[in-house]
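Input: a single structure, listed below in structure tokens.
The numbers here are math on the coordinates, done by the rules we state, and not lab data. Predicted model, so just to flag it, every value in this text is computed and none were measured. Please note: Cβ atoms are built from the backbone with ideal geometry, for glycine as well, and neighbour counts cover all protein chains shown.
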Amino acid sequence: MEHTRRIYSEYNAWLQPKFYLASKALRIRADFDLDFIHQECHLGLIRLWGEIQDSAAYTLQLKMDDLEPEAFSLTPLINGFEIAGGSKTGLLYGVYRFLNRLAAGENIEKIQERSAPQVDYRIINHWDNMDGHIERGYAGHSFFFHNHKFDYDEERIITYARMMASIGINGICINNVNVNKVSAGLIAEPHLSDLAELAALFRPFGIRLLVSVHFDAPMIVGGLTTSDPLDAGVKEFWQAQSTVVYTKIPDFLGYLVKADSEFRGGPEAFGRTQADGANTIAAAVAPFGGLVFWRCFVYNCQQDWRDQQTDRPMAAYKHFQPLDGTFDENVILQIKNGPVDFQTREPVSPLFSSLKNTREAIEFQIAQEYTGQQIDLFSLAVQWEEILTTEIDKGKQLKSLFGQEIVAVTAVTNTGNNMNWTGNTLAQCNLYAFGRIAWNPDLTAKELIREWIQITFETNELGCLTMEEMLLTSRGIYESYTAPLGIGFMVNPNSHYGPNVDGYEFSHWGTYHRASFDAIGVDRTSKGTGFTLQYPESLQRKYDDITSCPEELLLFFHRVRYDYKMKDGRTLLQYMYDSHFEGAQQAEALLQAWETLENRVPQETFNSVKERLKRQLRNAREWRDQVNTYFYRKTGINDDKGRQIYM
Ligand code: GCW
């Protein structure tokens, strides 16, 4: 037991002992074949109660019941409690949910819940490279790989699997979508045997593994001269190699593919369509019940900034919408939540409303690439709630597609080998919220944030409220001192942290704000680039008309003069100035709020979060000054309130 406690306490995250409730006398009863779940339950209760005194009087009953496969129910009984699941995995979810609710301080007699996930696949994507470096990783190195091979601490993997299962994750893709020559070999020996061993560690937790595969694997791994998906030899390669994979790992979930995207090979290089590419690989895994997650992040990343015709957000739709209905049943198109690239604010990708006969996965990014890099505070739950409740067609919200066209929810994770998993302890909240929202998109940001705080910290109501307020406001604060109104980017090239207004303005990535002396933004209306035409008519009209376009997306859809009057009467320019001055001030308020939590959270957590909030404040001031100076120099117009702008 000592040993197990050590695992829990070393890795500071939910499901770790934040406090011991008084030990409880109870007996756990389970069907004879539920050993593993019984153990997990026992372990969790020991964690919370210090010890369990065996007594027949109070019984915790674990059982299988007639529920949907992954569903569970939690029911208090007279002198006992019942956790039931529609399958072993369902029961395991029930056990973790029960433990988490106890950890949040709830009274066992009041815990009652019945729950089933709305989508079948809830998946974490790691962008881990086999050399150990994580692309867009802000919490240390990979805990799977080191030095071009598998290299992991088994205990950490088990703790991780438990953590992920406790929020309902059932699929994990362990390597970066940017597959290189080494990781292309994950589907072949010698790596495949190691992959099988790792899969075995996750299996008891109901988690199936996937890997990102290289579209050119037929050449890299198979030694062929082509990867043309319609070539007979290429088809044979995928079939033979997949047979090898499934022989080793019969419950392998499948492949994730980034093709024709950011210098990656793909079907279009051979004059074939995205469907040709996806279907060839899908046919190879279909006999084994495998899936192909095919990313829609396809655009021209070699654009000339002089070219005003090409509009990057339009690309995914252009490539995929015409192919609707032509993908095999086991292909799932994986679509980023917005049409550009995980910015602080974007509209919802028009692919969601326009693909009618294709199975889809929505892809979020928990790794805070453009949202503060786990230095600046940014609660993604707030952003996700907005996205999921966005209207995508006459009164229909995006989340209504869950369990319909959207069969999977995926996200790029924010974890690494830092002791606390996510670098910034408060960023754990995003990881937790992702799993919960993938399970149930009706949960609000406020609920998710509160749950996580209560499970993770032992603090009084005031402490909880302080943290809750910090997290709830964090997204708006970050947005206001960076690139608000949907304009996006303005970041330092490559690192994507810190301000650089023209950092991407004359580059080939297609992300231009096109600021001049009198206006800023790209006209994406039906009279401009035509992007809005990719939406159903009601939305197209809403976005086209500058007066009905949601103001927070103003500069995503419209090119606007600086003297344009915003809804509250301020000019656009004044709005920009205010936003940056106020955002930097609020960043300071975040730091002050955190300072009130000293002695209410573990000292180490207090110190490291404080350090990050100080860095955030420096960052916010830098953004404020660079952006304000930039617009002052373009326009020569002063701030109404006469605050300091550097000339
Ligand atoms: O936002 C970009 C990132 C790349 C990433 C790419 C993608 C893994 O900057 O690092 O590549 O998106 O989603 O494929």
Full extension from L230 to H146: what is 0.36 nm times the residue separation minus their Cα-Cα distance, to one decimal in nm? 26.7 nm
Taking the simple approach of a point 7 Å from Cα along Cα-to-Cβ for both T310 and Q112, what is their distance in nm? 6.0
Please compute the length gained on full extension between S193 and N357, using 0.36 nm multiplied by the number of residues separating them and subtracting their Cα-Cα distance. 55.3 nm
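Percent relative contact order of segment 424-522, based on C-alpha pairs within less than 8 angstrom and at least six residues apart? Mind showing how you got there, number by number?
Values: 70 pairs, mean separation 12.6, N = 99.
Worked out over segment 424-522, it gives 13 percent.
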So which lysines can K446 reach, going by Cα to Cα under 18 Å and dropping same-chain residues fewer than 8 places off? K399
Assuming R0 = 25 Å, what is the FRET efficiency of F36 and E68, from their Cβ-Cβ distance, to the nearest 0.05? 0.75
Length-normalised contact order for the chain - Cα pairs under 8 Å, 6+ apart - percent: 12
Length gained when the stretch K318-A269 is fully extended (0.36 nm per residue, less Cα-Cα span): 16.0 nm
For K641, list the lysines whose Cα falls under 25 Å from its own Cα; do not include residues on the same chain fewer than 8 positions away. K565, K567
Once you put a point 7 Å from the Cα of H133 and another 7 Å from the Cα of K446, both along the Cβ direction, what distance in nm separates them? 4.4
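Between the DSSP loop rule and a limit of at most 15 other Cβ atoms within 10 Å, which trypsin sites (Lys or Arg not before Pro) in segment 617-647 are left? Numbers along the way, then the final one.
Details: sites: R618, R621, R624, R633, K634, K641, R643; in loops: K641, R643.
Listed in order of number, the matching sites are K641, R643.
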Rounded to 0.05, the calculated FRET efficiency for the beta carbons of L462 and Q585 at R₀ = 25 Å is 0.65
In segment 35-120, the GluC sites (Glu not before Pro) that sit in a DSSP loop and have at most 16 other Cβ atoms within 10 Å of their own Cβ are E51, E106
Computed label-point distance, nm, for sites K567 and E469 using a 7 Å Cα→Cβ extension: 2.5
Listed by chain and number, the lysines with an alpha carbon less than 18 angstrom from that of K394, same-chain partners under 8 positions apart left out, are K356, K542
For the chain, the helices passing both cut-offs (Cα extent along own axis of 24 Å or more, Kyte-Doolittle mean at least -0.5, full DSSP H runs) are 232-248, 461-481, 572-595
CD proxy at 222 nm, helix term only [per DSSP H run n ≥ 4: -39500 (n - 2.57); per residue of the chain; nearest 500]: -11500 deg cm²/dmol
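What percent antiparallel are the DSSP beta bridges of the chain, to the nearest 5?
30
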What FRET efficiency would be calculated for the residue pair A240, T326, taking the C-beta separation as r and a Förster radius of 35 Å, to the nearest 0.05? 0.90
Which loop-located GluC sites (Glu not before Pro) does segment 529-610 contain, where loop means any DSSP state but H, G, I, E or B and the Cβ has at most 12 other Cβ atoms within 10 Å? E598
Note on segment 121-456, DSSP bridge orientation, antiparallel percent to nearest 5 equals 15
